[in-house]
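Below: the structure, in structure tokens.
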Amino acid sequence: MNIETLVVGAFEVNCYLLNGAGRPALVVDPGDEAERIRARLDELGWDAAAVLLTHGHADHLSGLGGLLAAQPLPVYLHAQDARWAFTARNQIPPYYAGLAAAPAGLQPVADGQELTLAGLTCRVLATPGHSPGGVCYYFPAAAALFSGDTLFQGSVGRTDVAGGDGRVLAQSLRRLAGLPDATRVYPGHGPATTIAAEKRTNFFFSVRRRA
């Protein structure tokens with residue numbers, strides 16, 4: 001699997017472009033700067049086939065409108081976050097206006113669901129805590145996990161936001177600890193890491209795994 005990272009928007013969200021074979025590609029968390037995302041896809045010779053959203057916060061999906069205006073795409077998001085992600089509640093002024101309405105191609109995902117898109121297969125892992133419908137996308141064949149704002153290098157997602165819950169996040173982290181140590185973690189913000197590295201060095205990850 002080929003992975004391209006674009007840091008987009010005022011909150012420096014990692015937008016990932018994923019490609020297997022041929023031109024189709026997946027877009028993970030297009031938080032902003034849709035024109036830049038499209039331009040990079042064109043440079044790579046890739047065609048967007050679907051969008052994967054790790055959760056519903058505006059800084060992770062505000063680029064959707066620009067992407068979908070150029071090309072209708074299926075958009076995958078957990079139903080718990082879809083309830084509020086496309087409403088006025090999901091705005092972060094003056095940085096993100098969010099989206100006024102849910103995209104026509106919105107597809108709900110559920111824990112344990114397997115998706116095969118653009119020639120790539122992933123498993124949906126429900127990891128609430130930062131948001132009620134937060135998920136990670138795990139690609140076993142590539143040993144890659146796209147963790148959104150659940151797990152970062154050296155830290156974890158905030159729980160002092162609407163819908164956040166520290167105890168629930170602790171359960172999600174314990175689940176991620178069960179993945180193979182070699183799994184490469186691609187978070188919603190900051191540099192990539194591995195499950196093994198976080199077990200060794202991430203205070204929050206270690207404490208919450210034992211909670």
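Key figures
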quantity: Number of the exception - residue 196 against (1) out of contact with any helix residue (DSSP H, G or I) (no Cβ under 7 Å at 6 or more places or on another chain); (2) at pLDDT below 95; calculated: (2)
quantity: Residue tally, condition surrounded by fewer than 20 Cβ atoms within 10 Å (Cβ to Cβ), among the polar types (S, T, N, Q) and in contact with a helix residue (DSSP H, G or I) (Cβ under 8 Å, 6 or more places away or on another chain), over segment 36-76; calculated: 0
quantity: Given (1) surrounded by fewer than 22 Cβ atoms within 10 Å (Cβ to Cβ); (2) at pLDDT 95 or above, index of the condition residue 188 fails; calculated: (1)
quantity: Residues being under 14 Å from residue 60 (Cα atoms) and small (Gly, Ala, Ser) - total across segment 1-29; calculated: 2
quantity: Residue, farthest from residue 140 (Cα to Cα), within segment 158-199, restricted to residues that are among the β-branched types (Val, Ile, Thr) and outside any strand (DSSP E or B); calculated: 161
quantity: Pairs, first within 17 Å of residue 133 (Cα to Cα) in segment 57-81, second polar (S, T, N, Q) and crowded, with 20+ Cβ neighbours inside 10 Å, C-beta under 8 Å, six or more apart; calculated: 57/90; 57/131; 58/90; 60/54; 80/131; 81/131
quantity: Hits in segment 147-172 - residues which are within 20 Å of residue 90 (Cβ to Cβ), over 14 Å from the mean Cα position of the chain (by Cα) and either buried (at least 19 other Cβ atoms within 10 Å of the Cβ) or not hydrophobic (A, V, I, L, M, F, W, C) (or both); calculated: 158, 159, 160, 163, 164, 165, 169
quantity: Matching residues, segment 67-84, being assigned to a helix (DSSP H, G or I) and either hydrophobic (A, V, I, L, M, F, W, C) or in contact with a Pro (Cβ under 8 Å, 6 or more places away or on another chain) (or both); calculated: 67, 68, 69, 70, 79, 80, 81, 82, 84
quantity: Subset of segment 9-35 (residues that are outside any loop (DSSP other than H, G, I, E, B) and either surrounded by fewer than 15 Cβ atoms within 10 Å (Cβ to Cβ) or under 13 Å from the mean Cα position of the chain (by Cα) (or both)); calculated: 13, 14, 15, 16, 17, 18, 26, 27, 28, 35
quantity: Cβ pairs under 6 Å, 6+ apart, first in segment 147-175 and under 15 Å from residue 192 (Cβ atoms), second of a type in the set (Gly, Ala, Ser) and surrounded by fewer than 16 Cβ atoms within 10 Å (Cβ to Cβ); calculated: 152/190; 153/190
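Matching residues to (1) assigned to a strand (DSSP E or B); (2) touching a residue at least 12 places away in the same chain (Cβ under 8 Å); (3) surrounded by 15 or more Cβ atoms within 10 Å (Cβ to Cβ):
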position	(1), (2), (3)
100	no, yes, no
103	no, yes, yes
115	yes, yes, yes
132	no, yes, yes
145	yes, yes, yes
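The values are calculated or read from the model by the stated rules, or taken from the named source; none is laboratory data. These numbers were taken from a predicted model, which means no experiment stands behind them. Backbone-built Cβ (ideal geometry, glycine too); neighbour counts: all protein chains shown.
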